[in-house]
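Participant: Supplied in structure tokens, the structure appears directly below.
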Amino acid sequence: MLEWVVWETTAPLAVYAAATAAKGGDSRASKQGAADEGAVTVHHASVDITSNRVCAVVESQVPVNVYHVPTLLQRARELKAALTNVNRLFFATKSNTHPRLVRAIHSLGFGLECVSLQEVEYVMAATHASPDHVLFTPNFATRDEYAAAIKLGVHVTVDNVYCLRAWPDVFTGASVALRIDPVKGRGHHKHVVTAGSQSKFGMGIEDMPEVVQICKDNNITVVGLHCHSGSGIFDPATWNEHAACLIAVAKQFPAVKFMDIGGGLGVPYRFTEKRLNLDKVNEELAAILHPGIDLWMEPGRFLVSECGVLLARVSQIKTKAGVKFVGITAGMNNLLRPALYGSHHELANLSHLARTRRGATDGATDGATDGATDGDSGACEPVTVCGPICESADIFGRDRMLPVDTREGDVILVDTTGAYGVTMESYYNMRPRASAHFLLPPSP
């Protein structure tokens, strides 16, 4: 969970996440100065907080994605430091394709995992990554996508025996990886489980005799094996089990050089959730290392989810049959996860925080013990936070505690939206997509 407050001094901005005042916790402050860059706004760290005005960054009614790049870099370095038994890490670009973030991750030595030819071409153009740094792991892709990826020279994963059976000429003479179904699926929701008989992903173990024969007949070399069981996983033994599954299959393919044991590393979306123990993950992997075969992983959510928040303004407030609704200018077109997966994202009223801080400051100046007004006392009440999309599923959260002084124009923060937010956005109902603001590390 994010634990930072950012104040931008010339176009006043606060980004507040985790341990909120409403939750009674402490927050860490990161002080910011500003600089504009094209269609996005970029902020560099400075020395002092010089303004207690909040959230002018949310211009008019357009929601804003704010990305705290230091958090992204911190998570990337944590992974590299902890997972010493993993030889290569590839960023799952489907989680967030913004070029600034992709370039930042690639600059730290991460490869780029892509699930479509369009993603492959996009990341290669955005980062100038060499083909060896790009991993293509599609599902039900067309013949032409496979042919183009092989021509580009990137690492290609074959997801289905049909591809080899129906299009052997596409793969003749090529080196490929095979995606194997590890049978046991995992994940935070049924829609993210990617293993088992009901999952559309991967080849079954029973397909291996046919695959071996097709590869032999068509001079196809299997140099890698891959599996992935789901997303949002907190069991450290998961990736050990993936590796064990692939090692068993590798006995049939003597040219195998790497095993991609997938991603799905869980991150906390609630204040009360614990972090995944990366040291334990690494310890589990130590027990399954196989001489001559490298381990690869493809984290996505773990790198970017906590670096992003979504900001939107309150548009209306109403009470119906005892239920209080707080409408905001962002909707499920900007963040689909709550509607699609029932996902939890913490919510906070930044404007209330600013009023409370300003009141405290004014009170201190006047010699009062508490400068907050009665309306800004910090009392909270359960509300349903919703968006403007014409769908009953357009709900960010029910029975969420927001300050009783929440009002039209207040800025609401939706936490931990850096993964699968912008990449799943749409123009549904012709509502606008969110703009982007970036908070960067201090300039050297």
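Participant: Label R103 and R433 with points 7 Å out from Cα along Cα→Cβ: what is the distance between them in nm?
Facilitator: Here the answer is 1.8 nm between the modelled labels.
Participant: If neighbour count is taken as other Cβ atoms inside 10 Å, put H98, H437, H290, H228 in order from fewest to most. Kindly include the intermediate steps, with their values, before the conclusion.
Facilitator: Details: H98 20, H437 24, H290 14, H228 27.
The order, fewest Cβ neighbours first, is H290, H98, H437, H228.
Participant: Taking amide H positions as placed in the peptide plane 1.01 Å from N, state which residues far from D294 in sequence (5 or more) or on other chains have amide H under 5 Å from it.
Facilitator: For D294, the qualifying residues are F258, M259.
Participant: In addition: Using per-residue counts of other Cβ atoms within 10 Å, averaged over each peptide, order 132-145, 237-250, 276-289, 323-336 from highest down. Could the numbers behind the result be given before it?
Facilitator: Details: 132-145: 18.4, 237-250: 20.8, 276-289: 16.0, 323-336: 22.6.
Going from most to least packed, we get 323-336, 237-250, 132-145, 276-289.
Participant: Any chance you could run the full-extension gain for S130 through E408? It's 0.36 nm times the residue separation minus the Cα-Cα distance, nm to one decimal.
Facilitator: Working: separation 278, 0.36 × 278 = 100.08 nm, distance 4.96 nm.
Stretched fully, the S130-E408 segment lengthens by 95.1 nm.
Participant: Can you work out the base-10 log of I(q)/I(0) for the range 307-354 at q = 0.18, 0.22, 0.24 1/Å, using the Debye formula on its C-alpha atoms alone?
Facilitator: -0.72, -1.02, -1.14
Participant: To make sure I understand, if each residue's beta carbon is the centre and we count other beta carbons within 10 Å, what order do T272, T71, T84 fall in, fewest to most? Write out the running numbers ahead of the final one.
Facilitator: Details: T272 6, T71 22, T84 11.
By the 10 Å Cβ count, ascending: T272, T84, T71.
Participant: Could you sort 308-315, 291-298 so that the peptide with the highest average Cβ count within 10 Å comes first and the rest follow in order?
Facilitator: Working: 308-315: 24.1, 291-298: 17.2.
Ranking the peptides 308-315, 291-298 by packing returns 308-315, 291-298.
Participant: Which of the listed residues, L295, F234, S130, is farthest toward the dipole's positive end in the range 97-299, when Lys, Arg count +1 and Asp, Glu count -1 at the beta-carbon?
Facilitator: Checked the options; the winner is F234.
Participant: Could you tell me which of the pairs K216/K257; K80/K280; K151/K251; K94/K257 are separated by over 22 angstrom between their Cα atoms in the structure shown?
Facilitator: Beyond 22 Å: K151/K251; K94/K257.
Participant: Among V154, V211, V161, what is the fewest-to-most ranking by other Cβ atoms within 10 Å?
Facilitator: On the way: V154 24, V211 21, V161 17.
Ascending number of Cβ neighbours within 10 Å: V161, V211, V154.
Participant: A further question on this structure: Place a point 7 Å from the Cα of N87 along the Cα-to-Cβ direction; which residues of the range 117-131 have their backbone N under 20 Å from it?
Facilitator: Once the point is set 7 Å along Cα→Cβ of N87, 130-131 turn out to lie under 20 Å by backbone N, inside the range 117-131.
Participant: Mind listing the Cα extents of the range 97-299 along all three principal axes, in Å, largest one first?
Facilitator: Extents along the principal axes, in whole Å: 54, 38, 34.
Participant: Spelling out what I want: for every residue of the range 209-225, take phi, set θ = phi - 60°, compute 6.51 cos²θ - 1.76 cosθ + 1.60 (Karplus), and round to whole Hz; glycine and proline get x.
Facilitator: Here the 3J(HN,Hα) series is x, 5, 4, 4, 5, 4, 5, 5, 6, 10, 6, 9, 9, 8, 9, x, 10 Hz.
A short reminder: the numbers here are calculations on the coordinates, not readings from a lab. No experiment lies behind these values; they were computed from the predicted model shown. Reconstructed Cβ throughout: ideal geometry from the backbone, glycine too, with neighbour counts over all protein chains shown.
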